[in-house]
Structure formats: structure tokens, C-alpha cells
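A short worksheet on the structure shown next.
The values are calculated or read from the model by the stated rules, or taken from the named source; none is laboratory data. This structure is a prediction, so every number in the text was calculated from the model and none was measured. Cβ placement follows ideal geometry from the backbone for every residue including glycine, while neighbour counts extend to all protein chains displayed. What goes into the accessible areas is simple: the full protein's heavy atoms, side chains included, and nothing from ligands, DNA or RNA. Shrake-Rupley method; radii C 1.70, N 1.55, O 1.52, S 1.80 Å.
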Amino acid sequence: MSNVFYDHQAIEEKCLSYWDELALFQDVNLDLTPSDLAKKSFLLFAFVYPSGSGLHVGHIESKTALDILARFQRMKGQQVYFPVGWDAFGLPAENYAIKTGIHPSQTTKTAIDTFRQQIKRLAISYDFANELATNDPDYYRWTQWLFLQLHQKGLAYQKQGRVNWCPSCQTVLANEQVVNGLCERCGSEVVQKDLKQWYFKIKAYQDELISGLDGLDWPTATKQQQLNWIGRHEGVNITYPVYAYPDDGKSLADGGNSLANEGNDSAEEGSSLAEEQLNQGEDTGASRAGEITCFSSRPDTNFGATFVVLAPEHALAKQIAEKNELVAEYLAKAEKKTELERQQEGKQKSGVFTGFYAFNPLSKRRMPIWVADFVLANYGTGAVVGVPAHDKRDFEFVEFANRQNPREPLSVIRVVSGPDGNQDEITQVEQVYSGEGQLMNSAFLNDLSVPEAIETMIDYLEEKGYGQRTVNYQLRDWLISRQRYWGTPIPIVYDPEGNAHLVKEEHLPWTLPDDVDFKPTGESPLKSSKEFQERVERLYGKGWTPEYDTMDTFVDSSWYFLRYCDSHNQQAFADPQRLEQWLPIDLYLIGPEHIVLHLLYSRFFTKFLRDEGHLKISEPFAKMRHQGMILGPDGQKMSKSKGNVINPDQIVDQYGADTLRIYEMFIGPLEADKPWDDRAVAGVARFLRKLYRLAVEEIELIAELWPVLDEENNGNGQAGGNNQAELSSPEFVGRKALVQKLQQTIKKLSEDLPKLKFNTAIASLMEFNNVWEKASLSRNRLKTLSEENASSKSTFHTPYLLLSAEELLKLIAILAPLAPFLSEELYGQAKYAWQNLADQTLGEIKCETGEARARRQALESLEFAASIHLTTWPTYDPALAQSEQITLAVQVNGKVRAELKLDYDLINDQATVLTQAKALPALEKWLLGQQIIKEIYVPGKIVNLVLAA
RNA sequence: GCCGCGGUGGCGGAAUUGGUAGACGCGCGAGACUUAAAAUCUCGUGCUAGCAAUAGUGUGUGGGUUCGAUUCCCACCCGCGGCACCA
């Protein structure tokens with residue numbers, strides 16, 4: 001018996017071909033009946049890029065997690081849809097093609113085949129009948145269709161402008177793909193280029209992308225990151241008149257108006273010289289030179305605004321540069337800087353004075369206008385007012401500016417008091433205060449709090465016509481053009497005059513040509529295709545040309561879940577009823593690295609298609625969770641260069657797929673990062689081997705013992721008609737504890753699996769296994785003992801069962817989602833061993849008693865499904881799962897001093913519990929001569945006796 | 001700087017409507033089997049003192065609330081992730 005060997009290789013091979021034969025979970029019916037609708041569960045795993053190196057252990061973690069859930073839900077009777085597909089376009093395959101000359105379609109196909117084979121080997125129960133790949137014309141035809149729809153609504157547009165360019169990848173990048181000034185893919189320094197590119201107008205949905213987050217069951221951190229990225233800021237756009245002075249000699253085109261009647265009403269004492277000069281405008285020769293609008297989220301501090309700064313890209317800055325060499329020089333320098341250089345300069349301020357002034361009507365102050373690259377062109381208006389007392393950057397800029405131009409220093413005016421009413425002058429950067437406080441030096445705002453002052457000020461500005469309430473967003477439109485080959489062609493053609501036209505819908509899929517030269521030239525590789533050019537001229541006319549750019553692969557991967565609803569549909573991207581039935585996704589498991597880009601884009605597409613009448617939902621992913629990363633044994637992120645990569649194939653070869661699955665689920669919470677531990681893998685393998693051995697022994701024993709079973713062994717653990725001696729026999733006690741543990745384990749798994757708490761679920765199975773092992777051990781001892789004694793003709797001991805057939809089947813069933821191979825094998829063995837017992841063994845048996853016959857027939861009539869994975873999830877009996885006795889901690893003054901064994905029936909009997917507790921011998925020395933002033937009993941939890949001090 | 005998450009034995013981690021901290025696994029120690037090793041099995045294992053019973057102490061630090069705090073509140077320290085001259 002103990003030589004039972006779990007031959008994982010043979011068993012896995014056998015199961016895989018058996019499941020293939022059954023087409024288990026393949027091609028599920030996606031047309032739901034109304035009663036099935038409530039039970040539908042659409043489980044989605046992040047789209048995978050099929051890289052050449054195959055599946056890594058990180059993939060396996062998240063795939064296994066969802067697979068366990070899928071299998072569990074199926075056993076619970078849910079209608080589960082668990083599809084798979086490939087994010088197959090992308091740079092690595094193309095770069096590989098450049099190096100080797102092998103066409104990306106070839107490497108991609110090979111990679112997908114490898115992935116699919118590895119996934120099957122791990123028993124991930126995907127529905128492969130609906131598999132899709134983004135490089136399939138059947139798929140990208142609808143990606144292109146989506147482009148057409150967006151274009152027709154004005155949400156896909158072409159724009160000339162400065163864009164991020166990766167010199168190594170030879171393509172533009174979206175803002176989201178630039179990380180700290182570097183290309184997120186290859187790490188090269190990103191430079192700016194002026195190009196005409198295609199954009200999707202995601203900003204059209206910016207408000208809904210915020211409000212839509214409210215009802216979603218997503219981790220709060222994820223929601224927060226999306227909010228940060230969209231970056232909504234309320235504030236006010238304040239417009240200031242701009243003046244030039246004759247001595248500066250650079251008046252702008254349309255100047256000439258005097259300041260005349262500006263700001264008479266709120267005049268304060270102590271006007272500075274500058275203000276007086278301004279107020280006397282005409283006399284000093286100041287001339288009106290247009291106006292400038294600045295965005296501010298802190299208009300309450302506007303009395304402390306002492307200067308204005310323009311971004312180098314600002315229109316006014318460019319205008320000034322035409323007549324001012326210093327400014328022109330600065331703009332030229334700023335333009336050449338890369339994102340990285342701007343960032344590396346960090347807090348090092350630079351800038352140049354323009355010679356112009358803005359007039360602050362509140363403080364009656366003239367504010368010198370500077371140009372500096374710390375102001376961003378594409379946020380707000382590209383111009384800001386400087387409030388150095390309450391903004392660190394502004395203060396640092398003042399320090400710089402006053403070195404640069406000491407003849408006309410910028411001043412620092414405190415307008416908000418600090419904590420404890422601090423009103424000190426601000427002379428050092430450490431004093432700059434951006435927190436809340438009382439307003440000061442601010443006329444009608446004085447003594448108001450910051451929020452009050454903001455409201456009062458905005459109302460005032462609006463009333464006076466100086467400003468207008470505004471909302472700004474950090475989100476920018478999505479640049480989707482890529483100068484690469486291996487992607488979805490943008491369905492646009494140009495007429496001979498260069499005007500863009502949509503490719504006609506009947507020409508979709510607008511196929512990616514094959515005859516291209518991959519060598520990067522800085523231009524789109526599609527330019528080299530003869531076929532592409534000929535196709536356009538044939539279909540659209542002489543002199544017409546195709547759009548040579550392809551789409552960002554995020555376009556492909558941000559609507560795939562819709563296609564899953566109906567992957568083979570030739571008439572539409574999916575059938576409307578299917579979409580309505582299956583969406584939204586019930587659980588999306590995705591790595592934290594996709595939180596910003598992919599999710600934002602997917603939500604944008606969903607909202608757009610809803611507005612077009614194709615979808616009824618506004619949010620695609622009702623519930624989302626993230627898996628953590630599996631780190632190398634050294635606690636570092638796995639990477640080839642560090643040599644700490646674990647190869648999953650090798651683990652499967654050595655220990656089997658179930659071990660790998662359970663190990664990865666066991667090492668820690670799904671969402672946490674956790675290091676790989678080789679020795680712990682072996683521990684999991686040991687656990688499964690023991691479990692298998694115990695189960696096989698029990699299966700055999702059940703089959704062996706049917707003719708001689710007695711009541712207590714075949715029952716459900718209840719006392720029945722046994723006498724006292726039987727009840728207290730070790731085998732009865734051992735069996736009873738085991739059955740109780742089984743009930744508790746079913747309960748634990750039923751609760752933990754839907755919550756994705758696989759680590760604790762597995763721990764409870766291990767606990768069960770430990771109890772089982774101990775019980776089995778004492779049974780074997782008894783057996784050995786009785787065999788020895790049998791020869792000397794003393795007491796003969798009957799072998800006994802620890803688990804009944806039904807109980808064992810329950811155990812095998814709860815194992816099924818976690819260890820699909822092991823449980824299928826055990827299920828098959830049980831079926832084989834227990835069916836047709838009479839045929840197998842009756843010949844050897846002299847006489848079958850009536851009772852034994854009944855037992856055999858009961859065993860034989862157990863119904864077996866074709867697979868354990870087609871059976872239903874076992875139920876548990878709460879009464880059986882509950883121990884009859886509980887152990888209660890008894891505290892004295894909050895410290896545990898004794899334990900009280902308590903019958904479960906007495907759990908609510910406070911008086912008895914307290915009496916029993918106080919009588920505990922262990923408490924004697926603590927209570928002796930002490931007065932108890934308070935007795936606390938929390939039913940089932942604790943007793944605490946509080947003594948007088 | 002802002003936003004978010006976290007800090008528990010030698011290690012991964014468990015336990016939260018406040019109720020015996022350390023489940024489960026790894027490692028480690030002792031023992032059994034073996035000529036020996038591996039494998040397997042048994043017992044032990046937070047720390048300190050003690051042969052032991054036992055006592056003290058213990059969930060990043062310092063306070064607070066409570067009969068009782070890993071859990072709640074306040075302040076701080078450290079780590080991780082995201083965003084970042086966003087005015």
C-alpha cells in the first residue's frame with residue numbers, strides 16, 4: 001500500500017487526451033436562456049503578448065487563479081465563459097524580423113502554438129473554440145471598422161504637432177508610453193519631433209471616465225491612479241491686460257490703449273511706484289499690448305501674484321521672440337531640450353524676461369512677464385501667475401530671476417498666514433507655505449479661510465469680467481499612429497492633393513501587405529510595399545496613396561473582450577444580443593502595469609460604442625483584481641540578465657502541473673509580490689503525493705471492505721446505535737475527527753475560492769491531509785498489531801474505513817479546481833474500483849450476507865460523471881462542521897491564564913460558563929484573595945475576569 | 001512634493017463587525033530507519049530565564065481609547081508602487 005506512486009507524467013498525459021476526447025469546456029453555448037442569464041460569469045484574463053520565450057511563471061499565477069475560479073463556478077452551476085486570445089501585433093516580433101529576416105507572422109504563429117501547448121499542459125480550462133489573435137484579418141478588420149466609426153464622429157483626427165519619438169524603436173509614442181522621459185519599451189531617450197499624426201479624442205469622455213469609476217468593484221488604488229492620470233483640476237482662467245513700455249522699445253502690433261479706468265474701486269493704501277506708473281499709463285508711455293490668460297487653482301492668493309510666466313511654446317512668447325533676440329534664443333534652446341533634459345535639470349530654473357508686463361487689477365501691481373520652461377505648454381493656458389510666497393516653484397523662480405535681472409527684482413508678498421497664525425515675511429524657500437490658513441494682505445479676502453477665499457475670489461473675478469471658472473485636465477488625446485510594420489494598418493487613403501479619405505467599409509479588412517522591407521529607415525516600412533501602393537491605385541485611382549502608419553497595438557487590445565462575445569461573427573464585431581447577455585466582464589484579472597493605459601482606452605471604446613448604440617453598458621469591467629509579481633529566489637524581479645528566471649516547463653517535468661499550480665497559489669496572497677522558493681515547491685509536491693497515497697489506499701479499502709462493513713464505518717459519523725465502548729474506540733474517534741475536518745475543509749474552500757484566497761484554501765486542505773495522515777497511521781498500527789495477534793489466535797481486529805465512499809468523493813471534488821489532474825485520476829480510480837464489484841470479486845467470496853449485498857449494491861450504484869470536472873460542488877453540513885466542544889480562553893486582567901473546555905450547547909449560558917471558568921484550578925493562584933470587580937463573557941470568544949486594583 | 005499600499009518568528013505568510021498572535025508551508029534542532037547517504041517518518045521550534053512546571057516579553061516607534069488592540073484613533077519612522085515643475 002505504501003508503494004503507491006504518483007506518476008504525474010503518465011497521469012497528466014492520460015488526462016489531457018481524455019479531456020481532449022471529451023472536448024471539456026470547449027465551444028460553450030454562448031446563447032443564454034433567460035434562466036441561465038443570472039448565472040453567467042465572464043472571466044477575463046489580461047491579453048497576452050505571445051513572446052518568443054514562452055509562458056513564464058508570472059503568467060501561470062494569474063491564469064491558474066482564474067482557472068480555479070472558473071472550475072469552481074462551473075461546479076457551482078454557473079454559466080462560465082473563459083476565453084483566450086493573443087495580443088499578437090507588436091514590436092518584438094518585428095525587431096526579431098529585422099535581425100533574422102524571418103517574417104513576424106511566422107514567429108508569431110510559432111509563439112502562439114508554444115503558448116497554447118503550455119497552457120493546455122497546465123490544464124487552464126480556456127474555451128479554445130473562441131480563440132482569437134489581433135493579427136488575424138478577421139479580427140483587425142473590426143479594429144479598422146472601429147477607426148471608421150470614430151472618424152465619422154470626429155473622434156479620430158489628424159494633427160500636426162510635437163510628438164514623442166523613440167529613436168531606437170523608430171516610432172512615435174503616446175504620452176502614456178513615455179516613462180521618465182524614456183521609451184517604456186526599450187529605455188531609449190525620447191526626443192520631440194514635429195509630425196502629422198492620428199489621434200483618438202479620448203478627452204471627449206474625460207468627465208465620464210471619472211464618474212464611471214464610482215460604481216465599479218475595483219481596488220481603490222487602481223481607481224485613484226486613473227483619477228490621477230486624468231488629473232481634473234478646478235480653477236479659474238484670469239485674463240490680464242499686457243503692457244509694453246517705450247524704453248523697452250518692443251511694443252507689440254496692436255498696442256496703444258491707456259490703462260485709463262482700470263481698478264479704481266478697490267484701491268488700497270501704499271501703492272507701489274510701479275502701480276502708480278501703471279495707473280498713469282499714458283504719461284509714462286505704457287502701451288496696451290494685448291492680454292494674457294492664466295489658469296489658477298488658487299485665485300485666493302492673487303493679491304500675492306507678482307509676475308507672469310509663459311511656456312516657451314506660448315503664442316505670445318513666439319510673438320515676442322520675433323522682435324527680441326534674447327527671447328528668441330531662449331525659445332530655440334528650450335525647443336531642443338528633450339523631455340529627459342527638462343526633467344534632469346530638475347529644479348534648476350531657467351528663463352528670460354520679455355520686457356512686457358501684465359497688470360494685476362486686484363493689487364494694482366504690474367507683473368513682469370517672463371518666459372520659462374518650467375511652465376508646461378499643454379496644460380491650462382500655458383501661462384501662469386507667480387505667487388512666490390505660496391508656491392515653491394514660483395519662489396525658486398524668483399530667486400533665479402532676481403539673480404538674472406537684479407535691476408527689477410520680483411517681490412514676495414505673503415497673503416496666507418501659516419499654522420498658529422504665523423505671518424512672518426517669506427524670505428527662504430523653506431518658508432514657502434501652500435497649506436490652509438487665514439488670508440492677509442488681500443483687501444476684501446482678509447481673514448477668510450483658503451476655501452472661502454477661493455470661492456469669494458472666483459465670484460468676484462467673474463462678476464468683474466476678469467476671469468472665468470474653468471476645469472483643466474492632465475489627460476491628453478491618444479496618439480495612435482506608429483511608424484512600424486507589425487500592426488493594424490490605419491484604414492486611410494490620400495487623394496493626389498493629399499486629403500485623407502476613409503477606406504471604404506467593403507474594402508475591410510484593409511490587409512497588411514507582406515512585401516515589405518523591415519529595415520528601419522525612420523519612415524514607415526509599409527512605404528516599401530509595391531502591393532500596397534498598387535492596391536490603393538486600383539481601388540481608389542491613379543495618384544492615390546495609402547496611409548503608411550499602423551495603429552498603436554493598444555487599439556487592438558482595448559476592445560478584444562467585446563470580440564470574445566462572438567469571435568467568429570462575419571457581419572459585425574459581435575452580435576448585439578450576445579453583447580448584452582455577456583457584458584460586463586464579471587471578473588477581470590490583470591497586472592497592475594496595465595492600470596492606466598489599457599483600462600482607460602477600453603473604457604473609452606466602451607463608452608463610444610454605447611453612444612453609437614452598439615452596447616448597453618457604460619463600463620466594461622464590473623469587477624477587477626490584480627495579481628502580484630512572482631520574483632526570483634533572490635527577491636529580485638526575474639530577468640535573464642540576473643539569471644534568476646524560473647522555467648515553468650522544468651517544474652512541470654519534475655513535479656507535475658498540479659504541483660506548480662498549487663505552489664503558485666500557496667506562496668502568498670494573489671495580489672502580493674512574492675519570491676520563488678524552490679524548497680517550498682518540493683513541500684507542495686510532498687503534500688500532493690501524500691494526499692494521493694491516502695486517497696488511493698482509502699479507495700482500495702472501500703472496495704475491499706464492502707462485504708464486511710459494519711454500521712459505524714458506513715454511517716455519516718453520527719452515533720447511531722453504537723454502544724459506549726464502540727463510541728470511544730480509537731478508530732471511531734479518529735474517523736469522527738476526520739469527517740468533521742472534511743466538513744470544515746469544504747466550508748473553508750467554499751468561502752475562500754470565490755474570494756480568490758487560494759493560499760488559505762490550500763492551507764486548510766493541508767490541515768485536512770495532516771489529520772488524515774495521523775488517522776491512517778494509527779489504523780495501520782492497529783492492522784499490524786492484529787495481524788501479529790492473529791497468528792497467536794487472540795483478538796482479531798477488523799480493518800475500518802476513515803472515509804465513506806461519498807465522503808471521499810466530496811474530497812476529490814473540492815480538490816478538482818486546484819489540482820485538476822490529481823482529482824481526475826482519483827475519480828477514475830474510484831470509479832474503476834467500485835463499479836461491478838460483484839463481477840470482480842464475488843467469486844472469491846463464499847457467502848454474501850444480505851447486509852453486505854446491500855452495501856455492495858449501494859457502492860455500485862454510486863453515479864459517476866464522465867469527469868470529476870463535470871460534477872457539482874459538494875455541500876457541507878454546518879452542524880457537522882461545528883465541534884461539539886470548544887476551547888475558550890480565560891483571561892485575568894486581560895492576560896490569558898487558563899483554558900476552558902466548553903460543550904457547544906452551553907455557549908450561550910453565561911452564568912454556567914463564568915462559574916466553570918472561575919472554578920478552573922489553573923486560576924486558583926491568580927484569584928486567591930483577590931476581588932473580582934467585573935466578569936466579561938463574549939459568547940464563544942473569551943472570558944475575562946477583572947480584579948480590583 | 002502629491003496619491004495609494006504596506007511593516008507580524010530565521011523565511012513566505014495566517015488571524016481584523018477588537019477577543020488564546022504566529023494557522024499552513026519552508027528552514028532549523030533532536031531522534032527512528034539505513035553499512036552510509038538520499039528519501040521517508042516521529043517529536044520540538046517567536047524571544048528571554050529555567051531540567052521542568054512556569055513566568056516575563058512580543059505584531060515598525062511613541063502616545064491614546066478599551067476589561068481586552070496586529071485590528072480603532074493621533075503623531076512619527078521605514079519600505080514599496082504610481083504620478084510629478086499640472087500652477
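Rounded to the nearest 5, what % of the DSSP beta bridges within chain A are antiparallel ones?
Among the beta bridges of chain A, antiparallel pairing accounts for roughly 75 percent.
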Provide, in order from the shortest bin, the percent of all Cα-Cα pairs of chain A in each 10 Å bin, continuing until the bin that contains the maximum pair distance. 2, 9, 14, 15, 15, 14, 12, 9, 6, 3, 1, 0, 0, 0
Once phi is turned into ³J(HN,Hα) by the Karplus curve 6.51 cos²θ - 1.76 cosθ + 1.60 with θ = phi - 60°, what whole-Hz value does each residue of the range A:866-881 show in order, with x for glycine and proline? 5, 8, 4, 6, 9, 8, 9, 5, x, 9, 10, 9, x, 5, 6, 6
Any idea what angle helix A:805-815 forms with the longest principal axis of chain A, computed on alpha-carbon atoms, 0 to 90 degrees, nearest 10? 20
Packing-based order for A:772-778, A:677-683, using average beta carbon neighbours within 10 Å, highest first: A:772-778, A:677-683
Rounded accessible area per residue of the range A:619-696, 1.4 Å, Å²: 42
Lysines whose Cα lies under 24 Å from that of A:Lys223, excluding same-chain neighbours fewer than 8 positions away: A:Lys63, A:Lys201, A:Lys203, A:Lys607, A:Lys616, A:Lys623, A:Lys674, A:Lys755, A:Lys757
To check my understanding: the extent here is largest minus smallest coordinate of the Cα atoms along each principal axis. What are those three numbers for the range A:897-949, in Å, largest first? 33, 20, 15
For A:Phe42, residues with placed amide H under 5 Å, excluding near neighbours: A:Tyr81, A:Asp586, A:Leu587
Over the range A:410-509, equivalent-ellipsoid semi-axes from the Cα gyration tensor in Å: 55, 19, 13
Burial ranking of peptide ranges A:739-747, A:324-332 (average Cβ count within 10 Å, highest at the top): A:739-747, A:324-332
Cross-link candidates for A:Lys530: which aspartates and glutamates have Cα within less than 14 Å, leaving aside residues fewer than 8 places away along the same chain? A:Asp514, A:Asp515, A:Asp517, A:Glu547
Students often get this wrong, so check it: of A:Lys741/A:Lys810; A:Lys76/A:Lys748; A:Lys193/A:Lys337; A:Lys39/A:Lys831; A:Lys895/A:Lys925; A:Lys76/A:Lys747, which have C-alpha atoms separated by over 19 Å? A:Lys39/A:Lys831
For helix A:820-834, report the angle its Cα long axis makes with the longest principal axis of the Cα atoms of chain A; keep it between 0 and 90° and round to the nearest 10°. 20
Surface accessible to a 1.4 Å probe, per residue, for the residues of the range A:842-948, Å²: 62
Apportionment of accessible area to carbon and sulfur, chain A, percent (1.4 Å): 49
Can you give the percent of C-alpha pairs in the range A:856-949 whose distance is more than 17 Å? 61
For every helix of n ≥ 4 consecutive DSSP H residues, a contribution of -39,500 (n - 2.57) applies; sum these over chain A, divide by its total residues, and give [θ] at 222 nm rounded to the nearest 500 deg cm²/dmol. -12000 deg cm²/dmol
With everything on Cα atoms, drop me the angle between helix A:104-121 and the longest principal axis of chain A, reported from 0 to 90° to the nearest 10. 30
Could you sort the peptides A:49-58, A:472-481, A:211-220, A:628-637 by per-residue average Cβ neighbour count (10 Å cutoff), highest mean leading? A:472-481, A:49-58, A:628-637, A:211-220
The answer for trypsin sites (Lys or Arg not before Pro) in the range A:102-168 that fall in a DSSP coil and have at most 15 neighbouring Cβ atoms within 10 Å is A:Lys153
